[in-house]
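The values are calculated or read from the model by the stated rules, or taken from the named source; none is laboratory data. Everything numeric here is computed off the predicted structure, so don't read it as measured data. Cβ sites come from the backbone with ideal geometry, for glycine too, and all protein chains shown count toward neighbours.
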Amino acid sequence: MTATALHLPDEAATESLGAALQAKRPRHGCVHLTGDLGAGKTTLVRGFLRGAGHEGAVRSPTYTLIEPYELSGGAVFHLDLYRLSDPEELEFIGLRELLDAGLLLVEWPERGEGVLPAPGLHVHLALSDSGRMAHLEAFSGEWSDLRRMLDPVD
Ligand SMILES: Nc1ncnc2c1ncn2[C@@H]1O[C@H](COP(=O)(O)OP(=O)(O)OP(=O)(O)O)[C@@H](O)[C@H]1O
């Protein structure tokens, strides 16, 4: 497991982290994005998608659960499980098919516990005195290059 932490002084830094991660993204797998309401999870996804060439708006799919993006490097699915009442619902929305089709970026993965696969990468965002702190843990080889991708602060 590879872990690293980064200080993100402003919104642009959160977007840049998203863009840096997408540059190394695998075609498949699951990225867990955790942090309180307003921690910056959607901002990170926006940077990720913009870095991959997406030019439209990016909003958290709080009510729709899933927002699909067809990108040049393969499909990316943005999920927000905040309103999921039962992890089993993920079976009905076609989780298996999504995992076969592309990479999943999942906000509030704790709501899908037991059904959602373990992450290849976990990004936790926390409010800090000045901006945010990002804590990243890579569990799969595809993301283990983190230290070279980013500038760790510890
Ligand atoms: N590093 C940062 N420093 C300061 N503000 C930031 C930073 N990153 C993001 N923000 C700001 O935090 C606010 C909340 O961001 P965002 O909507 O991405 O949070 P979220 O974690 O997706 O929230 P929710 O769980 O409610 O959907 C936005 O106004 C965004 O501009």
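To keep it simple, each residue is scored yes or no on (1) more than 16 Å from the ligand (Cβ to nearest atom); (2) part of a strand (DSSP E or B); (3) not hydroxyl-bearing (Ser, Thr, Tyr).
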| site | (1), (2), (3) |
| --- | --- |
| LEU44 | no, no, yes |
| PHE48 | no, no, yes |
| GLU55 | yes, no, yes |
| VAL58 | no, no, yes |
| GLU67 | no, yes, yes |
| GLU70 | yes, yes, yes |
| ALA75 | yes, yes, yes |
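When you check HIS32 against the structure, is it closer than 21 Å to ASP100 by Cβ, surrounded by 14 or more Cβ atoms within 10 Å (Cβ to Cβ) and away from the ligand (no atom under 16 Å from the Cβ), yes or no? Give the steps one after another, and end with the answer.
Working: closer than 21 Å to ASP100 by Cβ: yes; surrounded by 14 or more Cβ atoms within 10 Å (Cβ to Cβ): yes; away from the ligand (no atom under 16 Å from the Cβ): no.
So HIS32 does not fit the description; no.
List, please: which pairs have Cβ atoms under 6 Å, are six or more places apart or on different chains, and start with a residue in region 33-44 that is modelled with pLDDT of 95 or more and end with one that is in a loop (DSSP other than H, G, I, E, B) and within 6 Å of the ligand (Cβ to nearest atom)?
Matching pairs, first to second residue: LYS41/GLY35; THR42/SER60.
Among ALA52, ALA57, ALA12, which is small (Gly, Ala, Ser), exposed (fewer than 14 other Cβ atoms within 10 Å of the Cβ), modelled with pLDDT of 95 or more and over 13 Å from the mean Cα position of the chain (by Cα)?
Numbers: ALA52 fails: exposed (fewer than 14 other Cβ atoms within 10 Å of the Cβ); ALA57 fails: modelled with pLDDT of 95 or more.
When all the criteria are applied, what remains is ALA12.
Could you list, in sequence order, all residues of region 105-134 that are buried (at least 21 other Cβ atoms within 10 Å of the Cβ) and either at pLDDT below 95 or away from the ligand (no atom under 16 Å from the Cβ) (or both)?
Passing the criteria: LEU116, PRO119, GLY120, LEU121.
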